[in-house]
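Report on one structure; see the data block that follows.
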Amino acid sequence: MAANQQHSSRPCLGYGLGLRKEHYDAVLKNRPEVDWFEIISENYMVDGGKPLDYLNRIREHYPMVMHGVSMSIGSIEPLNPDYLKRLKALIERVQPEWFSDHLCWTGVNGVNLHDLMPLPYTEEAIQHVADRVSRVQDYMGRQMLLENVSSYVSYSDSQMSEWEFLREVAERADCLILLDINNIYVSAHNHRLDPQQYLQAIPVERVYQFHLAGHSHEQNLIIDTHDHPIADPVFELYATAVQRFGRVSTMIERDDHIPPLDELLQELEQVRRIGERELKQQVA
Ligand SMILES: [Fe+2]
């Protein structure tokens with residue numbers, strides 16, 4: 001299928017933001033022109049309290065998707081049934097367009113690293129992760145999106161590239177993909193890879209969402225800090241991603257040095273301009 005065709009089965013929400021507590025009141029008061037919000041699932045997997053109250057009120061006005069950070073789908077520890085139960089309850093409450101987590105592991109032997117660790121890119125790991133994704137999808141009764149993480153280390157055991165690994169897991173588990181464009185840029189820089197080759201290897205029809213974010217430079221590495229505006233090379237990579245994947249729900253993640261909402265809205269306008277420009281060129 002040509003990249004510029006809209007995939008009939010793929011919903012597109014437009015241009016969104018990560019919902020952050022610093023913006024709760026401004027969102028409710030001003031109802032900004034954001035097409036949708038992504039929430040961090042773990043912030044709302046509770047029985048009550050203020051965040052849940054805000055979530056319920058904001059959900060009345062905006063489409064939402066849910067994004068998790070601690071499923072640890074790649075770990076060798078068993079999936080946490082309590083976590084999955086609470087996640088399912090939140091899905092039932094929020095009725096999101098979809099839910100996602102990362103293609104990574106976050107801990108072992110009861111220790112949570114509070115970091116998204118990459119996996120070895122091996123056949124054994126593909127089968128392991130794909131089986132677990134299938135089990136999660138069966139339990140939730142819907143497909144999930146897996147996100148590519150940024151990385152700073154690699155394994156000597158790896159037998160293939162990151163993009164081959166991601167593609168294989170997605171196809172074997174029949175899951176969807178959340179492509180983080182900033183993470184591709186960061187990992188490509190840190191491991192001296194070609195980000196265009198990465199994009200070209202990902203199956204168009206599985207990509208339901210893009211993440212965009214800022215990063216920081218530290219000596220020879222780029223760190224995925226989400227504390228800056230989106231960098232120009234990431235905007236450029238995003239433009240080529242739109243050329244390949246067509247119209248995909250796109251959002252900005254900002255997790256530190258969170259600016260006033262208006263500032264993020266301006267950045268989102270820049271994203272929208274670039275996305276729509278690339279889509280128009282496809283049609284022309
Ligand atoms: Fe991301």
Inset, instruction - Any residue in segment 141-153 that's farther than 17 Å from Ile184 by Cβ: show its pairings with residues that are within 11 Å of the ligand (Cβ to nearest atom) and modelled with pLDDT of 95 or more at Cβ separation under 8 Å, as long as the two are six or more apart or on different chains. - result: Met144/Ser100; Met144/Asp101
Legend entry - Residues located in segment 75-103, provided they are over 18 Å from Glu38 (Cβ atoms) and in contact with a strand residue (DSSP E or B) (Cβ under 7 Å, 6 or more places away or on another chain): Ser75, Ile76, Glu77
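If you scan segment 99-141, which residues turn out to be of a type in the set (Val, Ile, Thr), outside any helix (DSSP H, G or I) and either open to solvent by less than 60 Å² (accessible area, probe 1.4 Å) or farther than 22 Å from Val153 by Cβ (or both)? Can you show your working first?
First, the residues of segment 99-141 that are of a type in the set (Val, Ile, Thr): 106, 108, 111, 122, 126, 129, 133, 136.
Among the residues that remain, those that are also outside any helix (DSSP H, G or I) are: 106, 108, 111, 122.
Hits for segment 99-141 are Thr106, Val108, Thr122.
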Legend entry - Any hit, segment 266-276, residues being within 24 Å of Phe99 (Cα to Cα) and in contact with a Leu (Cβ under 7 Å, 6 or more places away or on another chain): yes
Inset, instruction - Determine if segment 200-223 includes at least one residue that is polar (S, T, N, Q), open to solvent by 50 Å² or more (accessible area, probe 1.4 Å) and touching a Lys or Arg at 6+ places or on another chain (Cβ under 9 Å). - result: yes
Legend entry - Residue satisfying all of: in segment 231-284; at pLDDT below 95 and under 18 Å from Gln196 (Cβ atoms); surrounded by the fewest Cβ atoms within 10 Å (Cβ to Cβ) among these: Gln281
Inset, instruction - May I ask you to verify whether His257 is more than 15 Å from Tyr15 (Cβ to Cβ) and more than 19 Å from the chain's Cα centre (by Cα)? - result: yes
Inset, instruction - Mind listing whichever residues of segment 202-222 are modelled with pLDDT of 95 or more and not β-branched (Val, Ile, Thr)? - result: Pro203, Glu205, Arg206, Tyr208, Gln209, Phe210, His211, Leu212
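Where in segment 202-283 are there strands (runs of 3 or more DSSP E), lying fully within it, with 1 or more residues that are touching a residue at least 24 places away in the same chain (Cβ under 8 Å) and in contact with a strand residue (DSSP E or B) (Cβ under 6 Å, 6 or more places away or on another chain)?
Hits in segment 202-283: 207-213, 221-223, 249-253.
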Legend entry - Any pair with Cβ under 8 angstrom, 6 or more apart, that starts in segment 162-175 at a residue that is of a type in the set (Val, Ile, Thr) and ends at one that is open to solvent by less than 20 Å² (accessible area, probe 1.4 Å): Val169/Leu103; Val169/Ile126; Val169/Val129; Val169/Ala130; Val169/Val133; Val169/Leu146; Val169/Cys175
Inset, instruction - Report, by residue number, each residue of segment 27-83 that is under 20 Å from Ser249 (Cβ atoms) and at pLDDT below 95. - result: Val69
Inset, instruction - Scan segment 44-88 residue by residue and report those that are more than 18 Å from the chain's Cα centre (by Cα), surrounded by 12 or more Cβ atoms within 10 Å (Cβ to Cβ) and of a type in the set (Gly, Ala, Ser). - result: Ser75
Legend entry - Residues (touching a residue at least 40 places away in the same chain (Cβ under 8 Å) and either over 30 Å from Asp138 (Cα atoms) or of a type in the set (Lys, Arg) (or both)) located in segment 176-201: Asn182, Tyr185, Asn190, His191, Pro195, Gln196
Inset, instruction - Quick one: count up the residues across segment 196-248 that are on the phi > 0 side of the Ramachandran plot and either within 15 Å of the ligand (Cβ to nearest atom) or in contact with a Leu (Cβ under 6 Å, 6 or more places away or on another chain) (or both). - result: 1
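The values are calculated or read from the model by the stated rules, or taken from the named source; none is laboratory data. Note that the structure is predicted; figures quoted are calculated from it, not measured. Methodologically, a virtual Cβ is constructed for each residue, glycine included, from the backbone with ideal geometry; neighbour enumeration extends over all protein chains shown. Accessible surface areas use protein heavy atoms only, side chains included; no ligands, DNA or RNA. Shrake-Rupley method; radii C 1.70, N 1.55, O 1.52, S 1.80 Å.
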